[in-house]
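One structure below.
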Amino acid sequence: MMLSVTICWLFLNIALLYAGNYKWMRAMEITAADYSAFALVNVCIYGFAVFVAQSTRSSIREKFMIREERCYDLEDIMCASTCLPCTVAQMARHTANYDDYEAVCCSKTGLPDGVTVKHTSDVKEDEHCFV
């Protein structure tokens with residue numbers, strides 16, 4: 001799904017940039033609507049990315065019973081909106097032990113085949129969630 005959203009975002013940006021270039025080459029005025037369309041597309045995509053990261057982070061915290069430490073009830077949205085790449089990296093580090101297992105693109109769990117994921121109820125406090 002994220003690949004489809006990314007392709008759509010790239011297509012819209014390329015189309016808007018091409019339209020702006022077309023107007024500029026024809027000595028036509030580039031209006032506020034042109035700038036607004038470009039800004040709107042990018043703000044909407046950023047908002048969607050923040051929403052997805054916030055929702056995923058909240059689900060991970062709930063699944064692994066992690067309490068919020070700062071900004072109670074707003075920690076997930078604050079982390080996702082202020083530093084999106086850091087939030088994604090934090091989620092990746094928490095959900096897999098990449099020292100033991102190499103990440104795999106386009107797999108169901110993001111880990112190699114044969115690596116099974118334990119449920120949190122089966123895991124002792126000092127164990128990893130992957131075998």
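Every read-out reported here was derived from the displayed coordinates using simple, explicitly stated rules and does not represent laboratory data. None of these values were measured; they are calculated from a predicted model. So basically every Cβ, Gly included, is an ideal-geometry build from the backbone, and we count neighbours across all protein chains shown.
A few notes on this one:
- Axis angle, to the nearest 10 degrees, between helix 32-63 and the longest C-alpha principal axis of the chain: 10 degrees.
- Residue-normalised convex hull volume from the C-alpha trace of the chain: 136 Å³ per residue.
- Within region 1-87, chymotrypsin sites (Phe, Trp or Tyr not before Pro) in DSSP loop having at most 12 other beta-carbon neighbours inside 10 Å: Phe64, Tyr72
- Inter-site label distance for Phe38 and Val104 at 7 Å from Cα along Cβ, in nm: 4.3
- The loop-placed GluC sites (Glu not before Pro) in region 1-83, going by DSSP, that have at most 11 neighbouring Cβ atoms within 10 Å of their Cβ come out as Glu29, Glu69.
- Rounded tilt (10° steps) of 84-95 against the dominant C-alpha axis of the chain: 20
- Between Ile30 and Val88, the contour length at 0.36 nm per residue exceeds the Cα-Cα span by 17.2 nm.
- Between the beta carbons of Thr116 and Arg67, assuming R0 = 30 Å, the FRET efficiency works out to 0.65 to the nearest 0.05.
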